[in-house]
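For reference, the structure is listed below as structure tokens.
The values are calculated or read from the model by the stated rules, or taken from the named source; none is laboratory data. Not measured: the values here are computed from a predicted model. Reconstructed Cβ throughout: ideal geometry from the backbone, glycine too, with neighbour counts over all protein chains shown. Surface areas here come from the heavy atoms of the whole protein model, side chains and all, with no ligands, DNA or RNA. Shrake-Rupley method; radii C 1.70, N 1.55, O 1.52, S 1.80 Å.
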Amino acid sequence: MKDYIFIKTDDAAISNIDKFKRLVRRTFKLELFKGLWIVLKEMISGKSHTLLYPLEKMQLSPRYRAVHKLMRFIESENERCIGCGLCEKICVSNCIAMETKLDENGRKRVVNYSINYGRCVYCGLCADVCPEIAIVHGGEYENASEQRAYFGFKEDLLTPKDKLCEQVEFPGYGSLREDADKFVKATPNAYINIDEISNEPEKKSEISKENKDV
């Protein structure tokens with residue numbers, strides 16, 4: 001037979017005096033005065049924790065996943081997206097649609113790109129899987145809409161050429177780490193094991209210098 005645990009409860013208050021005592025005992029507990037002391041301390045210190053939105057906005061973490069952005073190469077002004085379609089395939093909400101075609105050089109080009117913000121759950125998988133870091137989550141989070149289906153198209157997401165100087169490399173979700181350059185080798189020769197050519201100290205020092213420069 002299962003053993004039951006008996007929980008002791010207060011005796012039932014019958015008289016009005018007992019009911020009043022129970023009310024005082026339940027109302028004025030130590031936690032109440034702790035909370036009042038914290039409020040009083042913050043009032044005396046003069047610190048305000050309330051933001052005057054929309055005049056003031058909270059500083060977001062780089063890992064925050066807000067509205068998507070499509071990036072360009074700053075040097076060539078070309079679009080980073082190569083139309084591989086990985087973001088469209090991995091999307092768990094099925095909210096990304098992409099149209100591609102081959103240009104005159106036989107290269108795939110993205111004709112249109114759309115995201116249904118009404119269905120997007122901002123999981124970040126599209127940014128995580130993108131091999132070109134073409135789609136990222138930016139810092140814009142004010143995307144309220146009067147309609148449930150609210151689409152963002154390529155012209156809305158892609159960085160305009162005239163504002164390319166304002167494009168900053170996204171440091172958050174799906175991007176490369178800050179020290180990623182240390183793990184990139186310039187040529188396959190950089191993978192030569194230095195220990196195997198220890199008999200050639202001059203060559204060893206040259207390769208070591210190249211690896212440091214990389």
Q: Please state which one of F33, F73 is more than 23 Å from the chain's Cα centre (by Cα) and hydrophobic (A, V, I, L, M, F, W, C).
A: F33
Q: Output the residues belonging to region 18-48 that are modelled with pLDDT under 85 and of a type in the set (G, A, S).
A: G46, S48
Q. Between residues in region 168-188 that are farther than 16 Å from V67 by Cβ and aliphatic (A, V, I, L, M) and residues that are at pLDDT below 75 and part of a loop (DSSP other than H, G, I, E, B), which pairs lie under 9 Å by C-beta distance while being six or more apart or on different chains?
A. V184/V214; A186/V214
Q. Looking at region 73-128, which of its residues are in contact (Cβ under 8 Å) with a residue 40 or more places away in the chain, crowded, with 16+ Cβ neighbours inside 10 Å and among the aliphatic types (A, V, I, L, M)?
A. I82, L86, V110, I115, A127
Q) Does region 45-53 contain at least one residue that is more than 30 Å from E142 (Cα to Cα), hydrophobic (A, V, I, L, M, F, W, C) and either without any contact (Cβ under 8 Å) to a residue 40 or more places away in the chain or in contact with a strand residue (DSSP E or B) (Cβ under 8 Å, 6 or more places away or on another chain) (or both)? A) no
Q | Single condition Y4 does not satisfy, out of (1) among the hydroxyl-bearing types (S, T, Y); (2) open to solvent by less than 100 Å² (accessible area, probe 1.4 Å); (3) more than 24 Å from the chain's Cα centre (by Cα) | A | (2)
